[in-house]
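Report on the following structure.
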Amino acid sequence: MYQSYSLAATQPRERFDYFHGIVDGVFCRMTLDIDRGVRAAFEASLESTDLGRVQLVRVSTSPLQVRRLPQDIARIDDPPYLVKFQRAGESLWCQRGRDVHVRRGDFVLCSTAEPYALRFRGPYDMPVLVVPQSIMRRLTPDPDQFLGVRMAGDDADCGLLSSFVFQVAARMNRLAAPMMRRVEANILDLLSAILNARARPGSTSRAGQLARIKVYIDEHLHERQLGPGTIAAALRLSTRYVHSVFEGEDTTVGGYIRRSRLAACRETLESAGPSLSLTDIALRWGFYDLSHMTRCFNREYGAPPRRFLLQLRDGEACSPASSSYKGDARSD
């Protein structure tokens with residue numbers, strides 16, 4: 001959901017405190033500082049939207065300092081990662097004792113689970129991705145190695161991601177919900193590729209690769225040709241290796257794809273109800289046709305989609321069926 005916050009209706013002397021409260025609500029508890037002599041001239045704007053599982057926030061303010069203190073950290077149970085993109089102005093960034101000068105086009109990865117400091121000497125514009133820990137650790141197994149590291153906009157891959165995020169931030173109030181998921185998938189794909197290309201040797205473990213593969217699958221369910229070969233090509237792995245990392249799981253690569261697609265179909269059924277046709281839902285999530293999805297759905301949940309929807313309306317819960325069905329030949 002898109003939201004925009006304006007200070008226009010707030011008295012000048014109250015604007016900084018009002019904005020501080022907005023920041024605490026949108027991100028998490030932070031400490032903001034500004035010279036008392038310029039409080040009455042403080043200007044700021046903030047807008048945000050949910051891309052899906054990730055939130056995009058665009059912040060512009062007068063010069064100020066942002067700090068995350070130990071007492072702030074204690075007030076949140078699941079502190080997210082923030083990916084801060086410098087769209088205009090400059091900033092001085094510090095986390096884990098690393099001081100970084102961030103210029104236009106650069107971005108930095110920040111953990112709200114640890115103290116940090118960010119100083120803006122002049123007006124600035126900064127889109128920020130708010131990424132839950134679970135998602136960030138699926139993008140790269142050791143995200144903390146990048147804390148306090150400048151991702152330079154002069155690098156081709158970093159500059160590409162920054163430019164894309166800037167374009168999305170400029171249009172966030174006009175993008176339709178179906179497009180948001182595609183946008184999120186592209187952003188997370190690029191971010192994952194950039195971080196893993198710069199990861200310390202040996203830091204991408206087998207478990208980390210499995211997490212990367214699952215992220216890729218989850219973000220590309222709509223592609224009908226999704227399978228071990230396309231995954232391997234996209235992540236620069238061998239098809240044999242993609243199969244091998246699933247050997248310790250309770251399913252195959254194809255089985256994971258199928259279950260993820262079915263979970264997406266079920267979620268769509270539960271949220272959209274009869275407003276979408278079953279054929280549209282099946283095609284949206286990568287099935288070849290409605291009959292293919294119906295067979296798989298019945299095996300997984302013990303009821304075909306139409307009956308499932310009726311049971312849902314009657315308050316009956318459907319749970320995954322007990323089955324040895326492992327996958328689909330077209331996914332394997």
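The values are calculated or read from the model by the stated rules, or taken from the named source; none is laboratory data. The model shown is predicted, which means the values in this text are computed figures rather than measured ones. As a convention, Cβ positions derive from the backbone with ideal geometry for all residues, glycine included, and neighbour counts pool all protein chains shown.
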So which residues in the range 82-98 are more than 12 Å from TYR116 (Cα to Cα) and assigned to a strand (DSSP E or B), if there are any at all? VAL83, LYS84, PHE85, ALA88, SER91
Cβ contacts < 8 Å: first residue at negative phi, restricted to the range 165-181; second residue in a helix (DSSP H, G or I) and of a type in the set (A, V, I, L, M), any location; separation 6+ or different chain. Result? VAL165/ILE187; VAL168/VAL183; VAL168/ILE187; LEU175/VAL168; LEU175/VAL183
Could you say whether any residue in the range 52-62 is charged (D, E, K, R), outside any strand (DSSP E or B) and surrounded by 16 or more Cβ atoms within 10 Å (Cβ to Cβ)? no
Positions within the range 137-190 being touching a helix residue (DSSP H, G or I) at 6+ places or on another chain (Cβ under 6 Å), assigned to a helix (DSSP H, G or I) and of a type in the set (Val, Ile, Thr), in sequence order: VAL168, VAL183
Return yes when ALA207 is out of contact with any helix residue (DSSP H, G or I) (no Cβ under 9 Å at 6 or more places or on another chain) and of a type in the set (A, V, I, L, M) and no when it is not. yes
So for the range 191-207 (the condition being free of Cβ contacts under 8 Å to residues at least 24 places away in the same chain and not in a loop (DSSP other than H, G, I, E, B)), does at least one residue qualify? no
Limited to the range 282-298, what total is found for residues that are without any contact (Cβ under 8 Å) to a residue 24 or more places away in the chain and either assigned to a loop (DSSP other than H, G, I, E, B) or small (Gly, Ala, Ser) (or both)? 3
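Each row is one residue, and each column tells you yes or no for (1) in the same structural domain as MET126 (by TED's automatic domain parsing); (2) more than 30 Å from ALA264 (Cα to Cα); (3) among the polar types (S, T, N, Q).
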{"position": "GLY21", "(1), (2), (3)": "yes, yes, no"}
{"position": "CYS28", "(1), (2), (3)": "yes, no, no"}
{"position": "GLN65", "(1), (2), (3)": "yes, yes, yes"}
{"position": "ARG96", "(1), (2), (3)": "yes, yes, no"}
